[in-house]
Each structure stands twice: as C-alpha cells, then as structure tokens.
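Each remark here refers to the structure printed beneath this line.
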Amino acid sequence: FLKRLWERLAPSNDDGGTRRDLATAGDKAWLPPSEINLRRNISVVASRNDNGNVTLRCAHCRPSPVVIHPSSLSKLCDGARELARRHLCHCPLVAPRDKVDMAAAFSGNETSDGAFLGRYYALAGQAIG
C-alpha cells in the first residue's frame, strides 16, 4: 500500500528506491514553523521491491545514520518526530534555526493539536502520491 502511494516520487537514489522530500507546498498554510522545518529536513524513500516499505531519513546525510520505517500513513507524523529526536536535532547538516524550531516544538512551547498533525501528515502523504 505505501509503496503504491509513493511510486510517483522523485527519481531513484543510492538507497535503492525513490526519494522525495516530505514537505509539500501546502505546509505553510496549515502547519506551524517548527513542523514545516521538520518536514523540510526529512526525505521519504519508497522501496523498489513489492514489500511496500517506506523509510523516513535525514534529507542531508548520505547515508542517513538513522532511518525510521513507519508501518502506515497514520504513523508518518510519529515517525517524523522520532527521526527528529534521534537525529535531526543533532545533525551537523541541519540549519541551526531549524534545530531551535524543532526543540521548541518538542518542549511544548509551541501548541499543536497532535490529532490534527497526524491527520495532516496522512492526508498530505496521500496527496503526494
């Protein structure tokens, strides 16, 4: 299912699949700056084989030292946040301002409805594919 969703993404890369940025044009209208920056720093890689795997990884590191494999569209938001906690907040290639914004989002200084974010990530994922 997820493989079909991401099939029409960017050209192949060195990960053996197709890669595209998680960010979309509609992000600015719906998301707070911290979420926009988070999505801008994440690449989505769809597997070339038929197992339907999708991988979230750092958009800057090759190869990415941390990868996340969400099990469904409804888990994309959780996967993005996990990648930020485990890698993006510490990655030397992520802009310092983006790190500050991500840290603010995780500290609770910025209010975001978690249910809305989960739905937004899932719907944006469907729209991309």
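Taken together, the values in this text are just the output of simple stated rules run on the coordinates, not laboratory data. Not measured: the values here are computed from a predicted model. So basically every Cβ, Gly included, is an ideal-geometry build from the backbone, and we count neighbours across all protein chains shown.
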Between Ser71 and Arg97, what is 0.36 nm times their sequence separation minus the Cα-Cα distance? Round to one decimal in nm. 6.3 nm
By average Cβ neighbour count within 10 Å, what is the ranking of 76-86, 62-72 from highest down? 76-86, 62-72
